[in-house]
Structures are given as C-alpha cells and as structure tokens.
Amino acid sequence: MALATAAGAQSALNTECVAVNAQERAVGAFTPAWDVGSAKANYEAMLPRLSREEWFIVADSLHADFAADATVLPGSAHAVFLAHLDTLRQEFAAVSGVRMSRARATGTGPKQARFTEDQPLSGDTVVLFASFGSRIAIDASWTPTQRRALCGRSVAIRRMLVAWGQPGRENATAALEASAVRWDNYSTRGYFQFPWELAINSIGFDAASDDPPRSQWVIAHPAFGLEFIASRVESWDNFQPLETLTIEFGWLRYNSSRSFYTGLTLFGSIPGDEAMGFGAMLHLGPKFKVGYVTRSDDPAGESRNGIVVSTDLAQIIAKTPATLQSMRDLIFRRLEAQKGAILRAIRIGP
Amino acid sequence: MPRLLFIVHGMGVHDTAWADPTIAHLKKIPSDYGYEWFDANGPLEDHVKCVPISYDKAFTELLDQWAESADELEQFASTEGVGIAKSLDFLQGASAAEQQFFWTSVVDVLLYRLFPIVTANVRDIVKKAIVERFTAETAAGSVVDVSIMAHSLGTSVTHDTLSIMATKPIQTPAGPNQSFMLGNFQFKRIFQVANVSRVLQTTPAVLSSPIHPFTVDPATSYTRGFLNFKHRYDLFTMVRPFTAPAAWGGGFLEPAGINRILGFNVHDLDLYLEDPRCHIPILRQLIDPAVVTPDEEADALDAYDARPEPDCLQQLDDFKDRIDDLIAQASTSLDLQDLFIALTKAMTAARDAKNACV
C-alpha cells in the first residue's frame, strides 16, 4: 500500500485544492501567489450578492472572470473549466425569478456536486468534474499559479453550492423527521402484528418507502376481551363478564400520522364456558374495540348473543380501580394458562 | 467540523451509546502506534467528527413485543415457509448459547432481510440520521466531506440506504426533494468492514448499484472511494463474498493480510480496527495520506504482527480448521439459511476456542 506522501506533511495540492482543507484558510496562509484569489477570499467576495439571492449574477461573473483569466493551464483545462462555469450559469438562469424559491426548497436546479473534487485512493491527484462529463486532473506538476486559478475558484464555488442547497436539505430533514414520527406511531400506537401478519402486510410493501404502511390486514389475530351476554345477567351487582379469546380477520386503515386507525374485523369468540360465537368488531384506535357476537340460542330459547369489548376498553369503563385490577389479573392469568391451546388453535397450515 | 464519519453497527443489541468504545478506540490508535502527525496537528477528534448511527430500535421494538412469542415465530416460519425453517430446525438441537446468539443477533439479519416493513424502517432511521446531521453541519455554509464506516449487517443496511438516497427523492410538502440524490450529494469514502452486503442483497444488487467508486461509471457513483476489509477467518464475509470487479480500479482498496487472530471473535469491529492494515487506510482516506508516514506504517505492522496470538496453539489450530471447514461448506451455497446456520456454528467455534484457552 503506497498511499502515503512524504514525511507527514500535507501536499500543497491537498492543502490548496481539497475544499475541507482550503475553504477557511485565510489570505496570507498560502504561498504569495495565493494571497489574492484564495478560496476563502473568493467566497467572501460572493457573499453580499448571495445574501441578495443574486445567484445567477454571481455565476455569470465567475464565468466572465475566468474567461478573462490569462493563466495558461495544462492541456484543455481552461476550456473545460470554462464550459462547466457556463453550465453552472445556465443552470442558475433556468431557476431564476419565481422558480428559484421552489428549486432551492427541493434541491433542484444547479448540480450541487459538480465542483466537488475527487481523489483516487493513492497518488497525489485531485480530479474535478469526474461525474459531469469532461474532467480535469490536477496533479503535482501544476504550478501554484495554475492551482490558484482553478482551485481558488472551484472550492469557493463548491461552498456557494453548499449554501444554495441548504434550504432543500432543511426541507428534506423536516420531511424525514415527520416520517420518523409516523414510524414511531406505527410501532407504538398501531395495532399489534404477530409475525405472520407482519409478513403478510409486508408483501408488496416498498422497502424503499419513507413511510410505514397506511393499511393493515388482520389475519388470525388472537386477542383477549370481555364478553357481555344479556341473558346471563341475573344481578348487575355481582355481574361478571366472560373473558373471551377472539380470533380476528379484517382490515384497518391508518390516519396520515399513523397515530390512529379505524377498521372492521370479523372474528370468532371463544369464551371459557360458553359456545363459540361469530361476529364483527369495530376498531377505533388502540383503545376502543367493540364487537357484536352471535351464536345459537340456548336450549331454553334465550338469545346468547353478546357484546365483546377489548380489555383496554374494559379498563376505561371499569368503575373502580379494584375491579380493574381484578379484571386484569383474571385476564392475564387466563391468557397465560391458555397460551398453548391458543397457539395450536390458530396454527395455519399442516 | 469539515469531516464527518458516520459509523453504522452490525447485528446484535446496540443502544445509543454502542459506538463509544469504538470511537474511543479510534481516537487512541494514533498514540498507541505513534503516528506523529496527530501530535503536530491535533488529535483525531480535531479533524473528524464520528457520528454513530443506531437502527437497532427497529428490531428491539418488535422483539420486545414478541418476547413471549418466540415459539410463535418458529411455528410460523416452519409452517409458512418464509425460508428460515432449516435454521430453526437446527436450533432445536442447539445449545442455549447458540440459541441466545440466534435470537439476539442472527434474528436481526432475518428481520431485515425477510420483512420489508422492518427493512424500510431500518433504512429510514439510517437515512434520517445522515440527512439530519449533514444538514446541521452545513448550516454555517461550509463544505463538509462525508464518509461512512459500516460493520457486518450494517454494510448491507448502508449499501441499501445509500442506494435509495442516491436514486429516490425524499417526498416533502414542497415536492420531491433531490438534495441528497446523485449529482447533489456524495460520500467521499465508504469503509465496509466484514462486508455481508452481497449475501443479503436485494434490489439493486451490490455490484450494479450507485455504491461504487468514481473510477468506474462516475456519473452513477455515490461513494467516491470504496474500501473493503475482510478477515481471513471471518466466516460472515465468506458466504457469497463481496468481490469488486477489476474495473473498479484505483477507487477501490481491499488490503491483504488481515488474518491474525488476537481474539477469537474475529468478526468484532474493534479487532478489525486494531489491525494497521485496516486503520491506516481509514485514517489516510478520512483525513490525508500524510497522517501516517510509510515508516510509521512499517513500524505499526511490525508491532502488530509481533503481538502474540492466544497462547494455546492446539485450540487455535482447531479453531482455524473448524472455520476453514465452515467456509468450505458455506462457500458452495448461495442459501441464506446456510449462512444463518454457519454463522451460529462459527460463533460456537469461537466460544469453544476461547473457553478452551482460558
């Protein structure tokens, strides 16, 4: 690996032509030939016009200034650099006036990486415009004057384009922050998905998406709730709802922030000491889920239809903390005890 | 700070402070090996801001929800054929340590690769971290060079995320935003440590994506210089290994000779970084070729190569033989399931060798 240059000293090329090294070096920090025309001096000269949004005027001036520069550069470097300045000028012209604000907000218009320098992994060379057609390779054979003529401008222009792109980057950041909130909502406030549901909902989902899915299939989703069957009520004073296991199939739709969802599921309800029933469940966000269960009448001809509510909703409507605690304990004990049977019951396939 | 280095972790549990030891290690390397440029010009942190990225919450949130449901996943996988059945069958007879390794580490790979909703979440976390930090750094109007170092699963996550950033606008209220697309943004260097991006690749494939150096097809190059680090006994890198085409030329570097075993978990990021064959190219490419002189490089390699490997020759040879066997088996397969099995066995081999050495 012969990557290093001579004994611990940055090369003049890296010092003068690599933007992160050159951009803040004050006038006077360079060899005398650089005292005028350093990247820092050039960029600071642009600032008054840039602050007035006169981007095209600056680009036009840069083109005219370089066209008048009599410095003799190796090969066709002068013509190539002038052509890229002309392209830059045209790109700014295309987004001047009323189009400017939108272009800056969306990162369109001038190609912001055009004046970014490239360096091979070894050797002492800086390449300009590698991705934009005709390129210029600046190496150790260039004189300080020649380097100044190009790098003093290219680094300043790279900085100018960083400033141009800042509103677009800030908009992109804000959009991704909003997406992150949606992902958090989807994870923490969405309807819990078992692995098989996550896999099914992932089918066809674009893994390059900025946002979580807007809808969700509910497939063989086991949940626990409380079922109220009117015919079983003998006394409201000591009435105990039935704990029930529901197996749901349906579809949910999220709001734009993924903080709330609505949907409808069809389900089978399997209470502990009652016949299995079937019904439909309305979902209104993570806290509210209510369904109606139908099953055959009992031998006496009384209806055994019931209302199922989610355990969360039951917590809301429970009258006292003690009742709530007791109900929760009961449900959790039941859930734990029945876990194996439930999983066998919902097993899909052979 | 004009240089940013994003660091993206691999599989396993990584909280928000996961990178502290790695960053501390990186900062200490110049003094450990006597790279004098840093004495004269200030420590690493004066030149490079290291920014860790953690995407682990995309997995932990799910796994927490499923904490009581490992058997459901197994049931689901075996009956629904999502491609992990063989791995899970293998786990039936696995030791507790192998099972723990599977559920704390390999499952990250599985979730990332097989559940596109999780995949998208992970990529968005990484994308937001990069965009947010870079935007904050350029607010003062200065040029900032951005590089990224990824490890293990992070190499795949990084490849995929950067490919999306390069080619897909970010949707904003003002319209599709191209600020981070090709032509407007690029990474100066990408350091892929223990690169598994090829075995986990989806679309675009790793050798036809914008994640290539500017020395080939420069108009579509999003990572201008590409460095790849592969340890001779790191099984993770041997199943469908990442191999750059010759056409990548001078924009690609994969140092040879990374083969010493100073710890049995040769996949470990810090063990990679300790090797001068790894950290010297990283330091040079991040800052400047001059930060480590050729003489210092030779001294560092001598010092590193003189450090003793574990003092239990028989176990060391056994470990190498077991890894070679696994590599031979794994290299003939293109199957993700075989990778999961091989990885778990490799970790077991490392643990057995370590225990036997004590």
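The values are calculated or read from the model by the stated rules, or taken from the named source; none is laboratory data. Since the model is a prediction, treat every value here as computed from it, not as a measurement. As a convention, Cβ positions derive from the backbone with ideal geometry for all residues, glycine included, and neighbour counts pool all protein chains shown. Please note that ligands, DNA and RNA were not included when accessible areas were found on the heavy atoms of the full protein model with its side chains. Shrake-Rupley method; radii C 1.70, N 1.55, O 1.52, S 1.80 Å.
Miscellaneous remarks
- Of the trypsin sites (Lys or Arg not before Pro) in the stretch A:46-89, the ones in a loop by DSSP (not H, G, I, E or B) with at most 16 other beta carbons within 10 Å are A:R52.
- Theoretical ellipticity at 222 nm over chain B - DSSP helices of four or more residues, -39500 (n - 2.57) apiece, nearest 500: -14500 deg cm²/dmol
- With 28 Å as the limit on Cα-Cα distance, the pairs of B:K49/B:K127; B:K27/B:K168; B:K127/B:K354; B:K188/B:K345; B:K128/B:K345; A:K287/B:K168 that go past it are B:K27/B:K168; B:K127/B:K354; B:K188/B:K345; B:K128/B:K345; A:K287/B:K168.
- Residues considered: B:D275, B:D124, B:D295. Largest GNM mean-square fluctuation over chain B, using C-alpha springs under 10 Å, is found at B:D295.
- Inter-chain shielding of B:149-159 (mean C-beta neighbours from other protein chains, 10 Å cut-off): 0
- Accessible area of B:R307 in the full protein assembly, 1.4 Å probe (Å², nearest 10): 100 Å²
- Counting Cβ atoms of other protein chains within 10 Å of each residue's Cβ and taking the mean over peptide A:117-126 gives 6.
- Nonlocal amide H pairs with B:H231, under 5 Å, H built at 1.01 Å: B:A194
- GNM remark for chain B: springs join alpha carbons under 10 Å apart, and the peak mean-square fluctuation among B:S152, B:S163, B:S142 falls on B:S142.
- Accessible surface of A:E274 - all protein chains present, 1.4 Å probe, nearest 10 Å²: 30 Å²
- Residue of B:G263, B:G42, B:G141 that the Gaussian network model of chain B assigns the largest fluctuation, springs spanning Cα pairs under 10 Å: B:G141
- Spatially proximal aspartates and glutamates relative to B:K230 (Cα-Cα < 14 Å; intrachain offsets below 8 disregarded): B:E254, B:D268, B:D270, B:E274, B:D275
- Partnerless cysteines in chain B, where a partner means another cysteine C-beta under 4.7 angstrom, comprise B:C50, B:C278.
- What the Kirkwood sum gives for chain B is a hydrodynamic radius of 21.4 Å, with every pair of different alpha carbons counted.
- For the stretch B:120-249, accessible area per residue (1.4 Å probe, heavy atoms of protein chains only), Å²: 25 Å²
- Mean Cβ neighbour count within 10 Å, used as a protection proxy, ranking A:94-106, A:121-133, A:156-168 highest first: A:156-168, A:121-133, A:94-106
- For the pair B and A, total buried accessible area rounded to nearest 100 Å², probe 1.4 Å: 6600 Å²
- Across the stretch A:150-159, computed HN-Hα scalar couplings (Karplus, 6.51 cos²θ - 1.76 cosθ + 1.60, θ = phi - 60°) run 9, 5, x, 8, 4, 5, 5, 5, 4, 5 Hz from first to last residue, x flagging Gly and Pro.
- Prolate is the label for the stretch B:212-274. Its Cα gyration tensor axes, ordered a ≥ b ≥ c, give a/c of at least 1.5 and a/b above b/c.
- Along the stretch A:141-149 the Karplus relation, 6.51 cos²θ - 1.76 cosθ + 1.60 evaluated at θ = phi - 60°, assigns HN-Hα couplings of 7, 6, 7, x, 5, 5, 4, 4, 4 Hz to successive residues, with x for each Gly and Pro.
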